[in-house]
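The values are calculated or read from the model by the stated rules, or taken from the named source; none is laboratory data. Computed from a predicted model, the values in this text were never measured in an experiment. Don't worry about glycine lacking a Cβ; one is built from the backbone with ideal geometry, like all the others, and counts go over all protein chains shown.
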């Protein structure tokens, strides 16, 4: 048995994974406002012990604990150099977890792990060249070439959300402007609509959310565009154009066999993938696009857990 742990900014999910890639048991805790590294590290160790105890699995039968975390991982897969969601810098999580539990551990970027999970057990199983793009609050990416995760020279590659689509465009939380994420990340999409509503806009989107701006998400924006809300239509068309352009740029660079799209924005919309296909086709080189597939991620919230449990350096 193996264990994968997905360390997010608001919650941590641990799962025991069998050799077929099935999550046979899971446990979830919420991080809340207490995100200091020692506190979260100890909570993760307690989660592991609790889950093993609940399932009466001896500690020595656990082959590995894989830790998936948003952010940059050092080249030796020992430290989280920087995690923007948690505010950690140089957190030695692999060595700490191994010392606390006496179990081999491994740390990986969460979207690398999710892409690997989809390649090994999910939507991209049986392929060799994979581009994973996970669109949630922001955008994360993973790349697999000939069955191996591409991480770059210093293990900081595949930051797909921060390729520049327009150097004079929207500001991004990374302090740059015009990033892929700033155009197509869920939080950025919602914020552009909210800005107009706060300034008095009252179109059909107002009825969709029953006047409650706090529940607004990208799915509402897509639905608003579908029923003719002018604001939503303009913003959603812009999202699709930039999403198509961003994916086309990656297709022209990497020539993947398959693109796997996942994340909350993808799961929470109805026809995003179908709508972006003609834009992708229009903007990609024909040879790069030939026989390439674009599909929705299959493993959903389990992708990072499963990938972390199995991914290799």
Check your understanding: If you check residue 186 against the conditions, is it assigned by TED's automatic domain parsing to the domain that holds residue 262, buried (at least 19 other Cβ atoms within 10 Å of the Cβ), under 30 Å from residue 79 (Cβ atoms) and at pLDDT below 95?
Key -> no
Review point. Name the helices (runs of 4 or more DSSP H) wholly within region 194-313 that hold at least 3 residues that are over 30 Å from residue 112 (Cβ atoms) and over 24 Å from the mean Cα position of the chain (by Cα)?
Key: 204-208, 218-226, 230-254
Revision key, fill the gap. Per the list (1) in contact with a strand residue (DSSP E or B) (Cβ under 9 Å, 6 or more places away or on another chain); (2) buried (at least 21 other Cβ atoms within 10 Å of the Cβ), residue check on residue 236 breaks on (1)
Check your understanding: Among 138, 132, 117, which is modelled with pLDDT under 95 and crowded, with 22+ Cβ neighbours inside 10 Å?
Key -> 138
Study note, to complete from the structure: Sole miss for residue 59 among (1) under 30 Å from residue 157 (Cβ atoms); (2) surrounded by fewer than 13 Cβ atoms within 10 Å (Cβ to Cβ) is condition (1)
Check your understanding: residue 85 fails exactly one of the following numbered conditions: (1) in contact with a strand residue (DSSP E or B) (Cβ under 6 Å, 6 or more places away or on another chain); (2) within 17 Å of residue 41 (Cβ to Cβ); (3) at pLDDT below 95. What is the number of that condition?
Key -> (1)
